[in-house]
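Okay, so here's the structure we're looking at.
The values are calculated or read from the model by the stated rules, or taken from the named source; none is laboratory data. These numbers come from a predicted model, not from an experiment. Because the Cβ atoms are built from the backbone with ideal geometry, glycine has one as well, and the counts that use them run over all protein chains shown. For accessibility, only protein heavy atoms count, side chains too; no ligands or nucleic acids. Shrake-Rupley method; radii C 1.70, N 1.55, O 1.52, S 1.80 Å.
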Amino acid sequence: MKILGIETSCDETAASIVENGSAILSNVVVSSLKEHSKYGGIIPEIASRKQLESIDIVVEEALESSKIGLKEVDAIAVTTHPGLIGSLLVGYSFARALSASLNIPLIEVDHIKAHIYANFLFDTKTTNLKDFKRPKLPAVGLVVSGGHTSLYFIKGLNDFKLIGHTLDDAAGEAFDKVARILKLGYPGGPIIDKLSQKIEKAGISFKGAPLEGTLNFSFSGIKTAVLYYYQKHGQEEGFSVEQCAWAFQDSVITTLVKKSLAACKKYNADTLLIGGGVAANSGLRKMLMIESGRMNIDVRYPALSLCIDNAAMIAGYGYHLK
Ligand code: KG4
Ligand code: ZN
């Protein structure tokens, strides 16, 4: 079964064809990120206008690159929530009209759960089905993106239980805000990640609220600690932006790793599935590999192109919701 996925929840316009829920035949993503960078965040009106301009071209390219025609599409899966309302409307209206004209089902998909589902996908251009090792369930899922930081206990692909979430900023949002404080540009995650790779340790540390005994997160305190530190020391001669970036990242990823592994222990899960833009963070990947190895937990991350918003995760997850 071939599903056309459509994703327009934030700044991306994305379309993808996925066969039988896991084989990616095409995956096209166009982003308007550059047009937002000078504002330090996404401007919803710019995002939806760009999506309106590019949605038909992106869908056409996804079909062309998968070498299938519209008539071979069996269903359409589309992100319905959460996201920017104007952006979601562009994708949803397009998908709904196309499914009606082709007389095929329209499947509504939750963007956050789809981020975790990205771990169940493989690219047919680089991997054979027989070489693909599907993650085992039950699992704990951690979604770390610009808008969300959530922990799930996943018994089955239709059985997600929310077991923890951020009480204030999302992890990616904290990266973006700290990059803004340090005048590094937008989006902040990849820039802070790169700066942190330049050093092994920092002589400073930033502490957030640990929320001991719960699986919830709080990142706003760490961000404020960086702000106060920068206001006090930012203009001093010995100030190091790398040390600041490293210490901030270390504090965020330590919390993410600690809570995710505590969730695995509490729910007796041997698999940990990570998803969302912050899952691309090299420090997080490294720390999780080391710490999970001690507990014999199978940690999975999607390929970098599937960590960020994409439509393959929508088409793939849609297969299980039809
Ligand atoms: O999942 P995503 O593409 O969009 C949302 O659904 O939000 O995530 C975007 C977020 C941004 O906040 C960005 O700064 C962060 O992911 N991000 C990273 C990295 N790459 C992207 N954060 C930390 N390290 C990275 N390498
Ligand atoms: Zn996302």
Top of LEU129, LEU106, LEU227 by mean-square fluctuation, Gaussian network on the chain, Cα under 10 Å
LEU129
Calculate the length of the line joining the C-alpha centroid of region 1-62 to that of region 96-119, in whole Å.
13 Å
Mind pulling the angle between the C-alpha long axis of helix 241-267 and the longest principal axis of the chain? Nearest 10 degrees, somewhere in 0 to 90.
60 degrees
Using a 10 Å cut-off on Cβ atoms, rank the peptides 202-213, 275-286, 305-316 from the highest mean neighbour count down.
305-316, 275-286, 202-213
Taking θ as phi - 60°, what are the ³J(HN,Hα) couplings along region 6-21 by the Karplus curve (6.51, -1.76, 1.60), each to the nearest whole Hz, with x for Gly and Pro?
10, 9, 9, 8, 9, 8, 8, 10, 9, 9, 7, 10, 10, 9, 6, x
Could you give me the ³J(HN,Hα) list for region 290-301, computed from phi with Karplus coefficients 6.51, -1.76, 1.60 and θ = phi - 60°, whole Hz, x at Gly and Pro?
5, 5, 6, x, 5, 9, 6, 9, 7, 9, 10, 10
Could you pull out which residues in region 162-177 have an amide N less than 12 Å from a spot 7 Å beyond the Cα of ALA262, following the Cα-Cβ vector?
164-165
Considering only protein heavy atoms, what per residue accessible area in square angstrom results for the chain with a 1.4 angstrom probe?
46 Å²
Per its Cα gyration tensor (rounded if a/c is under 1.5, else prolate when a/b beats b/c, else oblate), region 53-139 is best filed as oblate
Under 10 Å, Cα contacts only: if you run a Gaussian network model on the chain, which one of VAL58, VAL18, VAL78 comes out with the highest mean-square fluctuation?
VAL58
Hydrodynamic calc, the chain: Kirkwood Rh from Cα pairs, then Stokes-Einstein at 20 °C with viscosity 1.002 mPa s, so D in µm² s⁻¹ is 106 µm²/s
Region 1-145 - Rg and Dmax from Cα coordinates, angstrom:
15.5, 46
Taking the chain and counting helices only, DSSP H stretches of n ≥ 4 at -39,500 (n - 2.57) each over all residues, the nearest-500 ellipticity at 222 nm comes to -13500 deg cm²/dmol
Determine the relative contact order of the chain: mean sequence separation of Cα pairs under 8 Å and six or more apart, normalised by residue count, in whole percent.
24 percent
Please check: in the Gaussian network model of the chain (C-alpha springs, under 10 Å), which one of ALA171, ALA77, ALA225 has the largest mean-square fluctuation.
ALA225
Count the net charge of all other residues whose Cβ sits under 13 Å from the Cβ of ARG300, scoring Lys and Arg as +1 and Asp and Glu as -1.
+2
How would you rank 228-238, 33-43, 293-303, highest first, on the average number of other Cβ atoms within 10 Å across their residues?
293-303, 33-43, 228-238
If I model a spin label as a point 7 Å beyond the Cα along the Cα-Cβ vector, how far apart are those points for ARG49 and GLU242 in nm?
4.1 nm
Quick one: which residues, 5 or more positions from HIS165 or on another chain, have an amide H under 5 Å from its amide H? H modelled 1.01 Å from N in the peptide plane, none for Pro or chain starts.
LEU151, ASN216, PHE217
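Pairs of alpha-carbon atoms within less than 8 angstrom and 6+ residues apart define the contacts here; what relative contact order does region 222-322 have, in percent? Provide the component values of the computation, followed by the final result.
On the way: 64 pairs, mean separation 24.1, N = 101.
Value for region 222-322: 24 percent.
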Given LYS198/LYS223; LYS38/LYS201; LYS265/LYS286; LYS201/LYS259; LYS50/LYS198, which pairs have Cα atoms separated by over 29 Å?
LYS38/LYS201; LYS50/LYS198
